[in-house]
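The values are calculated or read from the model by the stated rules, or taken from the named source; none is laboratory data. A quick note: this is a predicted structure, and the numbers were derived from the prediction, not measured. In this analysis, Cβ positions are derived from the backbone assuming ideal geometry, glycine residues included, and neighbour counts consider all displayed protein chains. For accessibility, only protein heavy atoms count, side chains too; no ligands or nucleic acids. Shrake-Rupley method; radii C 1.70, N 1.55, O 1.52, S 1.80 Å.
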Amino acid sequence: MPIASFQPPVRTLMGPGPADVHPRVLAALARPTIGHLDPAFVAMMEELKSLLRTAFRTENALTMPISAPGSAGMETCFVNLVEPGDTVIVCVNGVFGGRMCENVTRAGGNLVRVDAPWGRAVDPNALEDALKSHPEASLVAFVQAETSTGVSSDSRQLVELAHRHDCLTIVDAVTALGGSPLEVDAWGIDAIYAGSQKCLSCTPGLAPISLNERAVAKLKARRAPVQSWFLDLNLVLGYWGDGGGRRSYHHTAPVNALYALHEALLMLCEEGLEPSWARHRQHHLALRAGLEALGLELLVPEAERLPQLNTVAIPDGIDDARLRRGLLEAFNLEIGAGLGDLAGKAWRIGLMGYSCRAENILLCLSALGTLLNAMGHRADTGTALTEAQRVLSGT
Ligand SMILES: *Cc1c(COP(=O)(O)O)cnc(C)c1O
């Protein structure tokens, strides 16, 4: 068969990311490509940095998108801020904390791991113990919103502890940004990275980052050059920095993808950060009411739940892969599988950005209810929809 244009199916994305991309963002991608040094493009880059500062709640001059996915945002923070011999404490409570550890050792750092059980928040007392027994540590890293388990950790408290022991902080906000409270300046976060495809409702492939002056000072004081050429912020800033019109070529920026991020951030700012956080929370409560009415249980303790990623126990006797295939084939609906310790035991239902809306919740509950009944697990779909509607309408 001759190869024809690729026509993807139209899905509803309620997994751990990517989330549904807003039509305004998709339309922005189709605008005419211009040069990455075109004055019109450079003006757009300045707006993009300003929109990112609003989204991160920061005045940091070094705030920009890395031209690569969230993982590259992670790597940017670690390769620039970790020097060979630095002691780095990483709090691990899921997949992404584990990847931070990989980054530390590959950058030549001495890794100190503080593990918490999967499905639980980072324990501030355990971090404090590690800080006390490693006075030589210079950095603390953790994930605010662990997408692998659906857990939220208390960034403000963890950053404060790290600072009390003279450590800088690296925070993973890939799933947090836009979906739950995040205050880079007020909480004193030193380096942070995010991703475009989760609560920003944008296409995958870009990683907003922000570094404060203390992090920039550590970067400038490095003895060893940054091992990665592409992610060396000293070089990237020749293109993205405030060059007063003297921008120079570093790499060809993904021009159209940056139009999309600009549109996505504009939408977030139009909605407002607090309203967006509140929308994620309210829809999480509606989904939860519906899931409980179906007889399903959320695995994470209530106080540690991440509104934008809901981890649901798979009932006994239900075939995980078969149910998720049914959702995709019959309902064009994607939800996430469990990872690591939770593989085969849990589903991960995302409510991120444009995916976080009433019609998606109602689709998800009716699809789950229908398939669970078909697989012999009695579930009351009608009540689930009524319960979700009740929360959504605020009655
Ligand atoms: C998705 C995610 C990442 C990685 O982002 P990619 O765009 O897939 O590289 C990192 N950290 C967390 C918490 C994530 O949810």
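A few remarks follow.
- Look at the alpha carbon pairs under 8 Å that are at least 6 residues apart: their mean separation over the length of the chain gives a relative contact order of 23 percent.
- For the chain: rounded, prolate or oblate by the Cα gyration tensor [a/c cutoff 1.5]: oblate
- Ranked by solvent-accessible area (1.4 Å probe, protein heavy atoms only, all chains present), the residues Arg281, Arg288 order from largest to smallest as Arg281, Arg288.
- Remark: region 272-393 carries a charge dipole of roughly 200 debye about the Cα centre, counting +1 on each Lys and Arg Cβ and -1 on each Asp and Glu Cβ.
- Accessible area of region 272-393 belonging to carbon and sulfur atoms, whole % at 1.4 Å probe: 50
- Per residue, region 136-271 exposes 34 Å² of solvent-accessible protein surface, assessed with a 1.4 angstrom probe and all protein chains in place.
- Net charge dipole size for region 23-269 [Lys, Arg +1 and Asp, Glu -1 on Cβ; Debye, nearest 20]: 460
- Members of Lys49/Lys132; Lys132/Lys345; Lys198/Lys345 lying beyond 29 Å, as alpha-carbon distances in this model show: Lys49/Lys132; Lys132/Lys345
- With only Cα atoms counted, region 107-232 has Rg and Dmax values of 14.9, 43 Å.
- Averaged over residues, the count of other Cβ atoms within 10 Å places the peptides 309-321, 371-383, 76-88 in the sequence 76-88, 309-321, 371-383, highest first.
- For region 36-85 versus region 321-341, the gap between their alpha-carbon centres in whole angstrom: 34
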